[in-house]
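Structure record follows, encoded as structure tokens.
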Amino acid sequence: MANVAYSRASHVRLSPRDLPRFPDTTLFHAVARAVCQAGVLPRKELFEAWEIARRTRRLFRGGRVVDLAGGHGLLAHLMLILDDQSPAALVVDTVPPPSGARVQAALLEAWPRLAGRVQVLAADLRTVPLGPDDVVVASHACGGLTDLVLDRAVDARARVAVLPCCHDLDHERPQPLGGWLDGALEMDVLRAVRLRARGYRVWTQQIPADITPMNRLLIGAPAVTD
Ligand SMILES: C[S@@+](CC[C@H](N)C(=O)[O-])C[C@H]1O[C@@H](n2cnc3c(N)ncnc32)[C@H](O)[C@@H]1O
């Protein structure tokens, strides 16, 4: 980055005033310039979505992208920008925020090939049909929503990547690893273990902690059996 003091965790909205910070010919800077033009997203969301998308795309190519609890849908768009083999993306949110349309318009301006390929659906994520060709992503599906996302993906045998947040640390809940691990970490470890137990290969990764302290990225795909 041009300025090392520039906090990637900032909740301040990116706007056209930030354009000089992203002058390079890299794909990331091109995405950042589009998000600046949109003028609606907190800075943190750009870095977060980018880090999730690029790590997920290193493992999973193609497939329909389904961004559950997707909010503004930047993550879904990035998944298509990073891999044009995916025909389409679906952003599902009970209440899609108005910022989503601005983000989409700015990205379409820069990547016209995305036109008509990203659908936004105002719906509960429990109701959306999923299939084994899907790549399900969820960034900050708060608390138990992350478990719902994982359950939905696994039931469909879809590939999945989640960045959990807002862990619901109900002390009534059994905490088998509580003597070693803090509550949030334990919850994510158990999520990974459950995925494996349901026949998934699991990757545990982290996005940079200077973007968000809730930076554990849990990725899974149905294990290949002979
Ligand atoms: C913290 S926001 C995350 C938004 C986006 N993924 C991001 O990273 O910025 C959580 C989103 O989940 C949505 N949401 C909550 N319950 C949901 C449900 N049952 N089905 C679909 N979306 C839901 C909310 O409307 C909200 O937009």
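Selection of first residues in segment 113-141 that are near the ligand (Cβ under 9 Å from one of its atoms) and of second residues that are among the small types (Gly, Ala, Ser), restricted to Cβ pairs under 7 Å at least 6 apart or on distinct chains, gives the following pairs, ordered by first then second residue: Leu125/Ala69; Val137/Ala161; Ala138/Ala69; Ser139/Ala49; Ala141/Ala69. Residues that are in contact (Cβ under 8 Å) with a residue 24 or more places away in the chain, part of a strand (DSSP E or B) and either of a type in the set (Val, Ile, Thr) or farther than 23 Å from Val154 by Cα (or both) within segment 200-218 are absent altogether.
Hey, could you check segment 159-174 for residues that are within 16 Å of the ligand (Cβ to nearest atom) and part of a loop (DSSP other than H, G, I, E, B) and say which is surrounded by the most Cβ atoms within 10 Å (Cβ to Cβ)?
Pass one, segment 159-174, residues within 16 Å of the ligand (Cβ to nearest atom): 160-168.
If we keep only those that are part of a loop (DSSP other than H, G, I, E, B) as well, we get 166-168.
Working: Cys166: 14, His167: 18, Asp168: 14.
Within segment 159-174, the match that is surrounded by the most Cβ atoms within 10 Å (Cβ to Cβ) is His167.
The residues on offer are Ala30, Ala76, Ala49, Ala9, and the sole one that is assigned to a helix (DSSP H, G or I) and away from the ligand (no atom under 12 Å from the Cβ) is Ala30. Please give the number of the condition Val66 fails out of (1) more than 9 Å from the ligand (Cβ to nearest atom); (2) in contact with a helix residue (DSSP H, G or I) (Cβ under 7 Å, 6 or more places away or on another chain); (3) among the aliphatic types (A, V, I, L, M). Just one mismatch for Val66, condition (2).
Taking Gly100 as the residue in question, decide whether it is in contact with a helix residue (DSSP H, G or I) (Cβ under 9 Å, 6 or more places away or on another chain), under 21 Å from Leu46 (Cβ atoms) and more than 9 Å from the ligand (Cβ to nearest atom).
Details: in contact with a helix residue (DSSP H, G or I) (Cβ under 9 Å, 6 or more places away or on another chain): yes; under 21 Å from Leu46 (Cβ atoms): yes; more than 9 Å from the ligand (Cβ to nearest atom): yes.
Considered against the rule, which asks whether it is in contact with a helix residue (DSSP H, G or I) (Cβ under 9 Å, 6 or more places away or on another chain), under 21 Å from Leu46 (Cβ atoms) and more than 9 Å from the ligand (Cβ to nearest atom), Gly100 comes out as yes.
A short reminder: the numbers here are calculations on the coordinates, not readings from a lab. This one's a predicted model, so the numbers in the text were calculated from it and none came from an experiment. Neighbour counts run over all protein chains shown; Cβ positions are idealised from the backbone, glycine included.
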